[in-house]
Each structure stands twice: as C-alpha cells, then as structure tokens.
Ligand code: GDP
C-alpha cells in the first residue's frame with residue numbers, strides 16, 4: 001500500500017490486488033506519485049465504466065460520522081430530482097448544525113420553474129421531516145449555476161475552517177467539487193464524476209484554495225428504496241435524468257393506468273372527478289405510456305418495443321424475481337406521488353384513488369407538488385406519506 005490516496009475516490013493507492021479499491025499498476029504509481037489515479041477512477045472517468053469495490057454501508061456511515069465530527073460546518077448535497085432519497089431519515093441522523101443544504105441538479109427542472117418557489121418548498125419539506133435548521137442553496141454543478149455564491153457563503157461562514165461534504169450516492173458531490181476545483185484553478189486531479197453510484201470510497205481532504213477553507217469529501221451514503229440503484233448501468237442511465245426532465249400530461253379517465261417504463265404502474269382504481277389531470281415527470285429516456293388498467297400485467301410481462309428497452313431483459317427478470325408490491329393510495333389536488341429513483345406524477349383536480357405497483361423495496365412518497373402552482377385550498381401544506 002502506498003502513502004498516497006487516489007484523488008478521484010480517496011482509496012489508498014496500492015499495486016497488489018487489482019480487485020481491491022485503489023489499485024493502480026506499479027509503474028504508473030512510480031511515474032505519477034501523488035497525482036496517480038486508481039484504475040477504477042481512471043476507467044470511470046475515461047470510458048464511463050462501472051467500478052466495483054463499493055464499501056459496506058456501516059463503513060460509509062462511520063466515515064461520514066467521523067467527517068461530521070471534524071467539521072466546522074456540514075454541507076449536505078441533495079438531488080432536486082431525487083429529493084426524498086437525498087433527505088431520508090437515515091441521512092438526517094448523520095448531520096448536525098451548522099448545516100447548509102445544497103439542492104443540486106436544478107438544471108433538470110423545467111425552465112419556467114421559479115426558484116423563489118423551490119426554496120420555500122425545500123424548507124417546508126425539511127421542517128416536515130424534522131430536520132435541524134439549514135441554509136438552503138439551489139445549485140447546478142453541471143452548469144455552475146449558484147456554485148460560486150455557495151463557495152463564497154461557505155467561506156464567509158467558516159473562514160479557513162473545515163466543511164464536510166456529505167450526500168447519498170449520485171447526488172453530484174464529486175461534480176460540485178470538480179466544478180469548484182476548476183473555478184479556483186486547483187492544479188491536482190479533480191474527484192471522479194460518474195453516472196454510476198459509489199464513486200468516493202474514503203474521506204478525502206481537499207484544499208482547493210490555499211487561502212480558504214478545507215473540504216472533507218465523504219463516501220456517498222447508500223440510499224434505501226431508490227429504483228435507479230437496482231438497475232444495470234445502462235438502465236440506470238435511462239432513468240437517472242441527464243437533461244431537463246420530460247413532463248407528460250394526461251386527462252385522467254376511469255380504468256386507465258400510466259406506466260413509467262416497465263418499472264412501475266399507476267392505476268386509477270376509483271371514480272374520477274371531472275377535469276382531473278396527471279402530469280408525469282421523469283428522465284428523457286424513460287418511456288411514459290398510458291393504457292387500460294387490465295392491460296398492465298401483459299404489458300409488464302411482455303412489453304412492446306418502447307417499454308422493452310427500459311428495463312432491459314436482464315433487469316426485467318431480476319425485478320420480477322424480487323417481486324412487486326401494490327400500494328393503495330389517495331392522491332389529492334396539487335400532490336406528487338414520487339417513486340424513488342424513477343420520477344413522479346402530479347395531480348391537478350382529483351382526489352384520485354390509485355393503485356401503485358412497484359418492485360419490492362422501492363419506496364414511494366406523497367408530498368406537496370414541487371412543480372406547478374402551489375394552490376392547496378383547505379388542506380395542510382405538508383402532508384407526507386412514506387412507504
Ligand atoms: P456523487 O456520487 O454524489 O459524487 O455524484 P457524481 O458527482 O459522480 O454525479 C453523479 C451523476 O450526476 C453524474 O452522471 C453527473 O454527471 C450527474 N450530475 C452531477 N451534478 C449534476 C447537475 O448539476 N446537473 C445534472 N443534470 N447532472 C448532474
């Protein structure tokens with residue numbers, strides 16, 4: 001084992017075992033010294049390959065706890081698309097004030113989304129989830145939007161102290177650090193950014209600007225119940241949005257169902273108040289399909305071409321082997337039904353009785369709507385149902 005850490009993932013670099021984290025061929029380690037990148041990060045960065053060697057959940061949580069203890073301020077990065085998975089109770093247990101929440105991937109939301117509505121929505125969701133007080137920033141590590149202001153604010157709050165950066169896997173922590181690294185002209189290699197979860201393996205101190213604070217990057221916390229984590233890398237790329245979300249609107253009819261790819265089916269199981277409309281949001285690569293409810297089992301077991309691509313045959317078999325759960329829920333006007341790691345539907349009108357069929361262990365949440373008008377006459381503003 002060498003004295004150096006991989007600047008991509010934080011694993012100690014070693015040339016003994018190609019199957020263990022931090023492996024780099026000896027000649028590259030000797031040539032590049034502290035600038036050497038492990039083979040896993042190198043391949044992920046240059047060929048977009050999936051890497052192995054993900055750490056166990058309890059090791060990750062222990063590493064995150066140590067980083068939080070050392071921090072003058074905790075920066076939690078959340079994903080605007082997968083907000084519920086990013087701020088799950090298992091994540092809340094790890095944080096403490098002072099806390100800044102950076103909601104990343106804001107570029108995925110439709111361009112007409114007013115940011116001044118998203119921030120109070122986030123604050124309300126945190127309050128409903130029993131979170132400690134947090135300063136909320138909306139950012140896009142992809143476009144750089146809001147990232148400079150966030151850096152300046154952290155510098156203002158901690159001076160030359162330590163900011164520990166946490167988040168569940170794939171929220172864009174490494175992308176944010178890479179963005180900052182570029183912005184301050186940091187010379188060393190940037191952390192690895194990957195479409196595949198679990199890139200950072202150990203806490204990694206980063207002094208991007210010698211005159212400013214130290215960042216402590218931590219391994220991604222494995223979320224529970226997120227559909228995208230149970231798929232092969234190709235299927236995960238289809239359901240994890242890379243570009244602006246697709247939204248599709250349907251006037252609801254009794255006895256209909258909406259399929260989110262071949263992953264989940266939302267059936268209308270009761271009467272439909274006139275004028276009720278469902279809007280489904282997901283990645284551009286996720287086929288959205290309306291059908292009659294009685295056709296759902298057939299379409300899921302023997303899908304036609306657009307649904308056949310997502311999930312692929314292998315993932316379809318694996319999900320079917322794990323079994324499905326059907327949740328009976330009632331969705332009210334201006335509420336979202338979220339399927340973690342896949343997307344959500346928003347209801348205008350209603351209420352609607354729905355029967356939601358998802359693979360076992362995939363979580364669903366009902367929440368006040370994120371997108372669109374927030375008119376919720378006569379109803380509590382923060383109803384949350386998590387299953
Ligand atoms: P980490 O596991 O939290 O370190 O996540 P990464 O930084 O590796 O990013 C995970 C995925 O999200 C990659 O496919 C990134 O390209 C993507 N990503 C990161 N930040 C953004 C963002 O601001 N917008 C969009 N659209 N995608 C992002």
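Quick note: the coordinates plus some simple rules give every number you see, no bench work behind them. Nothing here was measured: the structure is a model prediction, and the numbers come from that model. A quick note on method: Cβ atoms are made from the backbone with ideal geometry, for glycine too, and the neighbour counts reach across all protein chains shown.
Data table
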{"item": "Whole-angstrom Cα spans of segment 308-379 along principal axes, big to small", "result": "46, 21, 17"}
{"item": "Kirkwood Rh and Cα Rg combined as Rg over Rh, evaluated for the chain", "result": "0.99"}
{"item": "Semi-axis lengths (Å, descending) of the ellipsoid that matches the C-alpha gyration tensor of segment 249-319", "result": "23, 14, 8"}
{"item": "Equivalent-ellipsoid semi-axes of segment 197-283, from the Cα gyration tensor, Å, largest first", "result": "41, 16, 12"}
{"item": "Counting DSSP beta bridges with both ends in the chain, the antiparallel % (nearest 5)", "result": "70"}
{"item": "Rg in Å to one decimal, and Dmax rounded to a whole Å, for segment 210-334 via C-alpha atoms", "result": "17.9, 64"}
{"item": "Residues 145, 131 arranged by fewest to most Cβ contacts within 10 Å", "result": "145, 131"}
{"item": "C-alpha long axis of helix 147-158 to longest principal axis of the chain, angle in °", "result": "60"}
{"item": "Between segment 118-173 and segment 258-287, the alpha-carbon center distance in angstrom", "result": "31"}
{"item": "Volume of the Cα convex hull of segment 1-138, divided per residue and given in Å³", "result": "143"}
{"item": "At 0.890 mPa s and 25 °C, Stokes diffusion of segment 262-387 via Kirkwood alpha-carbon radius, µm² per second", "result": "160"}
{"item": "Residues 4, 281 arranged by fewest to most Cβ contacts within 10 Å", "result": "4, 281"}
{"item": "Folded to 0 to 90 degrees: helix 313-322 orientation relative to the chain principal axis, Cα", "result": "80"}
